[in-house]
Amino acid sequence: MAATAVDTDVIVVGAGPAGLMLAGELRLGGARVTVLERLAEPTGQSRGLGFTARAMEVFDQRGLLPRFGQGETLAVSPMGHFGGVQFDYTALEDAHFGARGIPQNETETVLEEWALELGADIRRGWEVQELHQGFLDGDHVEVSVATPHGTRRLRAAYLVGCDGGQSAVRRAAGFGFPGLPASRTMFLADVVGCGLEPRFLGERLPGGMVMAAPLAPGVDRIIVCPHGTPARDRDDDITFAEVAAAWQHITGEDISAGSAAWVSSFSDATRQVDTYRRGRVLLAGDAAHIHLPAGGQGLSTGVQDAVNLGWKLAATVRGTAPQGLLDTYHGERHPVGQRLMMNTRAQGIVFLGGEQSDPLRALFAELIEHDEVKKHLAGIVSHLDIRYDLDTPAAPAHPLLGRRLAKRPLSGADGESDTARLLHPARGVLLDLADDARVRTAGARWAGRVDTVTAAAKPVEGATDVLAGLDAVLVRPDGHVAWTGTGSAHGLDAALERWFGPERAA
């Protein structure tokens with residue numbers, strides 16, 4: 001039976017960071033993608049002001065860092081915190097607290113321009129109204145969409161909901177969303193003319209916690225977390241008068257003579273979908289997991305969801321994916337989401353728990369004096385500790401297996417390069433470090449899906465040589481190591497077929 005005709009390969013719902021990153025990844029993988037965004041124009045509001053070290057690595061492996069205006073030397077903060085207890089993240093090699101001072105709307109602009117350049121179709125003012133049945137066992141997914149020109153129906157092979165914490169796709173497709181409901185409401189605003197003293201790490205007072213950081217002359221970002229505030233829906237109307245009253249209640253300072261460019265609210269609700277895929281519908285970003293904002297992890301986790309999913313979904317619609325590849329998206333990203341829930345809840349208890357959390361906070365301060373604790377917590381919040389369980393018996397049990405390959409310089413016949421630059425096309429990379437004909441011969445059979453590169457690793461002063469002792473490394477398009485070789489190519493064919501499908505015909 002012939003497959004149903006579709007309008008596009010993949011419909012992505014939501015033009016936030018996760019949706020736009022996914023659109024670019026799908027285009028790099030050769031899939032047609034249409035992004036549907038209900039808002040006619042970007043709001044210009046920026047709940048986030050940066051991203052983690054791991055998100056920076058992801059942007060670097062697609063060549064996007066220079067687009068943020070500061071080149072590849074994007075300013076990063078070595079000092080971060082866990083639950084408000086400050087420490088130096090560089091205790092963990094290659095780690096830092098992330099890039100700061102980059103509004104989320106700027107990140108979205110960079111990603112949208114990139115996705116458009118790659119050929120993504122982004123339609124603003126298009127709101128999904130209904131998801132039609134058949135996505136669980138049919139050969140396509142179909143949605144009804146309200147557009148500026150009336151209601152339209154669109155068909156695609158797959159649909160991905162990247163439409164935020166209130167995801168309409170999640171509800172329409174019947175995903176379970178277990179977790180903890182909100183216990184408090186907190187406010188966020190960019191205020192003008194209030195003359196505030198900076199409170200970068202937040203100040204805990206009897207009535208709650210407040211933060212303040214300058215964004216521009218006369219403009220401050222404030223976060224207000226009053227104790228005892230009933231939980232409410234984030235979509236409720238919030239006024240500056242309400243935010244100013246909460247600020248005064250906690251600090252005693254009257255800021256009501258100022259104004260706000262915009263105000264919003266958030267909560268400590270913590271939920272994660274039971275599965276990241278139901279038939280031909282998948283979820284990524286806040287549509288799949290919501291949590292207390294802590295350390296800029298939300299945007300960064302959503303971007304990583306997109307990069308894990310994009311190449312797998314593109315290969316699936318192209319027909320080159322091995323059996324079960326798309327299911328590894330849930331298998332790999334759901335545990336990451338669980339760990340995100342754990343660490344943000346822990347930080348909330350330490351930071352926002354009031355007087356009863358003081359002993360726990362004091363204990364954290366003592367523990368963080370130890371280097372091993374610093375490294376552990378830095379790895380959690382930076383996401384540099386992520387290691388996928390690839391369950392590859394044929395591959396050697398090397399420490400790199402399942403981890404992202406850190407950026408390291410390379411020297412080869414084609415000149416100077418680095419491990420991140422090799423991933424710009426979003427294809428697999430088979431790195432031949434020993435000029436081994438067996439490795440190159442294997443790689444040639446997967447040409448077009450995997451780039452085989454012969455090069456030597458160059459040492460970096462003060463950095464661990466992560467490639468030491470290795471003769472070859474297979475890296476997936478998302479930057480995670482899928483196979484390592486030491487003295488032989490044993491298991492390489494199996495790893496190539498597992499992640500990139502059958503070898504190409506002669």
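The values are calculated or read from the model by the stated rules, or taken from the named source; none is laboratory data. None of the values given here were measured: they were computed from a predicted structure. Here the Cβ is made from the backbone with ideal geometry for all residues, glycine too, and neighbour counts use every protein chain on show.
Which pairs have Cβ atoms under 8 Å, sit 6 or more apart or on different chains, and link a residue in region 158-171 that is crowded, with 20+ Cβ neighbours inside 10 Å to one that is polar (S, T, N, Q) and modelled with pLDDT of 95 or more?
The qualifying pairs are 158/316; 161/167.
Report yes if residue 316 is in contact with a helix residue (DSSP H, G or I) (Cβ under 7 Å, 6 or more places away or on another chain) and assigned to a helix (DSSP H, G or I), otherwise no.
no
For region 139-151, give me each residue that is of a type in the set (S, T, N, Q) and either more than 29 Å from residue 312 (Cα to Cα) or part of a loop (DSSP other than H, G, I, E, B) (or both).
Within region 139-151, 147, 151 meet the criteria.
Considering only region 137-144, I want to know if a residue exists there that is under 20 Å from the mean Cα position of the chain (by Cα) and over 30 Å from residue 385 (Cα atoms).
Applying the first criterion (under 20 Å from the mean Cα position of the chain (by Cα)) to region 137-144 yields none.
So far as region 137-144 goes, no, none of its residues is under 20 Å from the mean Cα position of the chain (by Cα) and over 30 Å from residue 385 (Cα atoms).
Can you tell me which condition residue 286 does not meet? The list is (1) at pLDDT 90 or above; (2) of a type in the set (Asp, Glu); (3) closer than 21 Å to residue 47 by Cβ; (4) surrounded by fewer than 24 Cβ atoms within 10 Å (Cβ to Cβ), and all the others hold.
(4)
For region 152-160, check the following and say yes or no: at least one residue is within 30 Å of residue 261 (Cβ to Cβ), of a type in the set (Phe, Trp, Tyr) and either under 27 Å from the mean Cα position of the chain (by Cα) or not in a loop (DSSP other than H, G, I, E, B) (or both).
For region 152-160, residues within 30 Å of residue 261 (Cβ to Cβ), of a type in the set (Phe, Trp, Tyr) and either under 27 Å from the mean Cα position of the chain (by Cα) or not in a loop (DSSP other than H, G, I, E, B) (or both): absent.
May I ask you to list the residues in region 262-280 that are in a loop (DSSP other than H, G, I, E, B), of a type in the set (D, E, K, R) and touching a helix residue (DSSP H, G or I) at 6+ places or on another chain (Cβ under 7 Å)? Show your work before the answer.
Quick first cut of region 262-280, residues in a loop (DSSP other than H, G, I, E, B) only: 268-269, 273-276, 279-280.
From what's left, of a type in the set (D, E, K, R): 268, 274, 280.
Passing the criteria: only 268.
Using the structure shown, decide if residue 361 is surrounded by 16 or more Cβ atoms within 10 Å (Cβ to Cβ), within 25 Å of residue 54 (Cβ to Cβ) and in contact (Cβ under 8 Å) with a residue 40 or more places away in the chain.
No: the conditions fail for residue 361.
Restricting to region 165-183, give me the number of residues that are under 18 Å from residue 125 (Cα atoms) and at pLDDT 95 or above.
Adding up the residues that qualify gives 3.
Given the structure, is residue 270 more than 30 Å from residue 5 (Cβ to Cβ), of a type in the set (Ser, Thr, Tyr) and under 24 Å from the mean Cα position of the chain (by Cα)?
Considered against the rule, which asks whether it is more than 30 Å from residue 5 (Cβ to Cβ), of a type in the set (Ser, Thr, Tyr) and under 24 Å from the mean Cα position of the chain (by Cα), residue 270 comes out as yes.
Being among the acidic types (Asp, Glu) and under 30 Å from residue 157 (Cα atoms): is that true of residue 274 here?
On the way: among the acidic types (Asp, Glu): yes; under 30 Å from residue 157 (Cα atoms): yes.
So residue 274 passes the test.
Looking at residue 297 and the list (1) under 25 Å from residue 426 (Cβ atoms); (2) touching a strand residue (DSSP E or B) at 6+ places or on another chain (Cβ under 7 Å), which single condition is not satisfied?
(2)
Cβ-Cβ distance below 9 Å, separation of 6 or more or different chains: which pairs start in region 402-417 with a residue that is over 11 Å from residue 453 (Cα atoms) and end on one that is part of a strand (DSSP E or B) and charged (D, E, K, R)?
What qualifies is 402/387; 403/387; 404/387; 407/418; 408/418; 409/416; 409/418.
How many of the residues making up region 93-135 are assigned to a strand (DSSP E or B) and either in contact with a Ser or Thr (Cβ under 9 Å, 6 or more places away or on another chain) or closer than 18 Å to residue 66 by Cβ (or both)?
Total meeting the criteria: 11.
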